[in-house]
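Every number in this text was worked out from the coordinates using simple rules, so none of it is lab data. Since the model is a prediction, treat every value here as computed from it, not as a measurement. Every residue, glycine among them, receives a Cβ derived from its backbone with ideal geometry; neighbour counts consider all protein chains shown.
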Amino acid sequence: MNYTLMHKRLPVLELQIDEETSAIAGIGEVFSAEHIPVGVEMDDGRPARRALNAWWQGRAIPASRSGLRDALELMNVSSTGLLLLKCFGLSLSDQYWVNAHAKPLDWDRINFFQNEFSEDVGNALFGRASGSGEISLVSPDNTSDGWLKKKWVVAGDRRLLVKGGSEPAYQEPLNEVLASSILKRLGVPHAHYELAWDKDRPLSVCEDFINISTELVSAWHIYKTAKKPNNRSYYQHYLQRCEEMGIPGVREGLDQMLALDYIVVNSDRHFNNFGVVRDAESLVWLGPAPIFDSGTSMWHNQFANRINPEMDAPSKPFNTKHSAQVRHISSFDWLDFTALKGVEEEYAALLAQSDFIDDARRDVLCAALVRRIAMLEAIAARRR
Ligand SMILES: Nc1ncnc2c1ncn2[C@@H]1O[C@H](COP(=O)(O)OP(=O)(O)O)[C@@H](O)[C@H]1O
Ligand SMILES: [Mg+2]
């Protein structure tokens, strides 16, 4: 079937989509080359079909999502690609979608920022059926990334992302709240996470940091806009791409993110867990995205007796070890360590609320947090 790839109200290009597989079968006329998604490789002035397909299918819920098979069964849907088409590819993190020529739609009436949506898909993703009636498959959850269970909810004019944790400690939501607390104390822009509960299981809730006029472009898509020369590090390549594209504030933003990740020993800051924000109409770059998704940290999947803050730990995305990655921090002048005094007490109070964290684990985690802050402070002192 023929579709137009849209960016808000603007037609970008024509494409054919095979509705059985939801794959892009062909690309037609290009109306607005500047609005082609960032990072899609071009071939002779036209987007390469393989690259556009990777971008498009990358919008679907990843196959690795926890509980996905059960969710598809509950919804009686055979694939995540089908869900992608059910919501026209619309998301709450950017402004792209596809408009079917056979049944054209008006962006103002369908976008999820201004129009309400059902929680049916979100509930299915959390393993819950939605009553006996017909379920609505038009949901921004169909385009949400990441492997943790999650769903978007409508709260008046606000859009909130609710995320679960993983076995055995369900610690990620508590870690998100800890990261918010650290970043708030340091005055660093961040998605602010609060704690909620699904029976005894903790959840994190944060507000959409994208609105009707902006969009998130992941670091991965920026990174891919040029091939990395062999003599350049991953960090240098990303920073250089941002600077060449005219994106402001990226070095400072990376300093802040890397400092947080060192403190909380984040093990999963891959290139889709940070990025930049732009105006979706003017395409003006606004700067780094507020820091989000910091929950995969604080030894969330390790036994308490394996937690050792002094031990070097795996990191992403620029180096494989935190001891090496922390060297990319270009300045500590912005970091007031006194603002972090007592943050472990906040963390202890959070951990104490969860049945999945015993007292011993809580004490080890809080002591480890204090130690990590001291370790970063020592690194900063050596640099001054
Ligand atoms: N507050 C937010 N506002 C807008 N988009 C968000 C927000 N939080 C997450 N996202 C988008 O949703 C994706 C998945 O969320 P994330 O927190 O990374 O989940 P996971 O922990 O499963 O990786 C992110 O990669 C990002 O594109
Ligand atoms: Mg993520």
Tilt relative to the chain, helix 250-264 - C-alpha long axis, 0 to 90 degrees, to 10: 60
Cut-off under 5 Å, modelled amide H: who pairs with T214 long-range: A280
Longest exposed-site-free window of the chain, the sites being GluC sites (Glu not before Pro) in a DSSP loop that have at most 10 other C-beta atoms within 10 Å: 135-309
Projected-area mean, region 194-338, by convex hull of Cα positions, square nanometres: 11.2
Angle in degrees between helix 172-186 and the longest Cα principal axis of the chain, rounded to the nearest 10: 70
Residue-averaged [θ]222 nm for the chain, counting only DSSP H segments that reach four residues, each worth -39500 (n - 2.57): -9000 deg cm²/dmol
Note, ³J(HN,Hα) from phi for region 239-245, Karplus 6.51, -1.76, 1.60, rounded to Hz, x at Gly and Pro: 4, 5, 4, 4, 5, 5, 7
Per-residue HN-Hα couplings for region 114-131 [Karplus 6.51, -1.76, 1.60; θ = phi - 60°; Hz; x = Gly/Pro]: 10, 10, 6, 9, 7, 8, 4, 5, x, 5, 4, 5, 8, x, 10, 6, 10, x
Local electrostatic count, A54, Cβ distance below 12 Å [Lys/Arg +1, Asp/Glu -1]: +3
Kirkwood hydrodynamic radius over Cα pairs of region 2-163, then Stokes diffusion coefficient at 20 °C and 1.002 mPa s, in µm²/s: 132
In region 269-314, the chymotrypsin sites (Phe, Trp or Tyr not before Pro) that fall in loop regions by DSSP, at most 16 other Cβ within 10 Å: F303
FRET efficiency, 1/(1 + (r/R0)^6) with R0 25 Å, evaluated for E20 and E73 via beta carbons: 0.80
Global form of the chain, assessed from the alpha-carbon gyration tensor, a/c cut-off 1.5: oblate
17 Å Cα cut-off, lysine pairs counted over region 39-192 (separation 8 or more, or different chains): 5
Environment charge of G246, counting only residues whose C-beta is closer than 14 Å and scoring Lys/Arg +1, Asp/Glu -1: -1
In Hz, Karplus ³J(HN,Hα) per residue of region 335-346 (6.51, -1.76, 1.60; θ = phi - 60°; x = Gly, Pro): 9, 9, 4, 5, 5, 8, 4, x, 5, 5, 5, 4
Built amide H within the under 5 Å cut-off of G28, gap 5+: E14, L15, Q16
Net charge of Cβ neighbours under 11 Å - reference K321; Lys, Arg +1; Asp, Glu -1: +1
